[in-house]
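Below: the structure, in structure tokens.
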Amino acid sequence: MSHEGMSAQKLAQIKSELEERRQELEQEMTGLYQEKFSDDQVQDVADQALSSTMESLKASIHDSKNTEFKRISRALEMIDEGTYGICADCQKPITERRLEYYPDATRCLVCQEAYEEQGA
Ligand SMILES: [Zn+2]
């Protein structure tokens with residue numbers, strides 16, 4: 001095979017992993033606001049300050065999960081479009097390591113850096 005991209009098999013595997021992860025995130029985000037810190041737990045230890053710290057902590061956890069959720073949703077769209085893992089600029093495959101962190105990456109590292117330098 002001369003095609004530089006990923007095999008269909010590999011892509012299908014990644015897709016099912018991403019779908020699984022997305023479901024996990026969805027549950028975690030829902031669970032985040034359902035589970036309450038019990039009153040007896042909080043009462044002795046601290047006051048409102050702690051509970052508001054907890055709230056903002058939860059909000060920031062939710063934020064980061066939501067960001068990952070969106071990345072994964074985008075990545076799944078790109079798998080369907082056939083653009084996943086391929087650099088939009090040089091058409092070369094994006095490294096798996098990069099895709100692990102940025103599943104919705106549209107550029108390889110080299111092109112991304114070039115792009116960011118242009119913008120600066
Ligand atoms: Zn590139």
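The values are calculated or read from the model by the stated rules, or taken from the named source; none is laboratory data. Note that the structure is predicted; figures quoted are calculated from it, not measured. No Cβ is skipped: glycine too gets one built from the backbone with ideal geometry, and neighbour counts run over all protein chains shown.
Do you know which of the residues in segment 1-31 that are within 19 Å of C108 (Cα to Cα) and not aliphatic (A, V, I, L, M) is modelled with the highest pLDDT? Reasoning before the result, please.
First pass over segment 1-31, keeping only residues within 19 Å of C108 (Cα to Cα): 3-7, 10-11, 14.
With not aliphatic (A, V, I, L, M) added as a condition, the list becomes 3-5, 7, 10.
Working: H3: 49, E4: 57, G5: 66, S7: 87, K10: 92.
The extreme case among them is K10.
If you go through segment 32-40 one residue at a time, do you hit one that is within 16 Å of the ligand (Cβ to nearest atom) and either surrounded by fewer than 16 Cβ atoms within 10 Å (Cβ to Cβ) or at pLDDT below 95 (or both)?
Step one: filter segment 32-40 for residues within 16 Å of the ligand (Cβ to nearest atom), giving none.
Checked against the condition, which is being within 16 Å of the ligand (Cβ to nearest atom) and either surrounded by fewer than 16 Cβ atoms within 10 Å (Cβ to Cβ) or at pLDDT below 95 (or both), segment 32-40 yields no hits at all.
Here are the criteria: (1) within 16 Å of the ligand (Cβ to nearest atom); (2) surrounded by fewer than 11 Cβ atoms within 10 Å (Cβ to Cβ). Tell me which single one D47 does not satisfy.
(1)
Any idea which of E113, E77 is within 16 Å of the ligand (Cβ to nearest atom) and out of contact with any Gly (no Cβ under 9 Å at 6 or more places or on another chain)? Spell out the reasoning first.
Details: E77 fails: within 16 Å of the ligand (Cβ to nearest atom).
Every option except E113 fails the conditions.
Between residues in segment 19-34 that are closer than 13 Å to I61 by Cα and residues that are modelled with pLDDT under 95, which pairs lie under 8 Å by C-beta distance while being six or more apart or on different chains?
Matching pairs, first to second residue: L32/K58; Y33/K58.
Among E113, E77, E96, which is the only one that is of a type in the set (D, E) and at pLDDT below 95?
Details: E113 fails: at pLDDT below 95; E77 fails: at pLDDT below 95.
Criteria check complete, one pass: E96.
Can you find even one residue in segment 95-102 that is over 17 Å from the mean Cα position of the chain (by Cα), within 17 Å of R22 (Cβ to Cβ) and exposed (fewer than 11 other Cβ atoms within 10 Å of the Cβ)? Break it down stepwise before answering.
The first filter runs over segment 95-102 and keeps only residues over 17 Å from the mean Cα position of the chain (by Cα), leaving none.
Scanning segment 95-102 turns up no residue that is over 17 Å from the mean Cα position of the chain (by Cα), within 17 Å of R22 (Cβ to Cβ) and exposed (fewer than 11 other Cβ atoms within 10 Å of the Cβ).
I'd like the residue in segment 80-110 that is free of Cβ contacts under 8 Å to residues at least 12 places away in the same chain and part of a helix (DSSP H, G or I) and, out of all such residues, is farthest from the ligand (Cβ to nearest atom).
Ranking the qualifying residues of segment 80-110, first place goes to D80.
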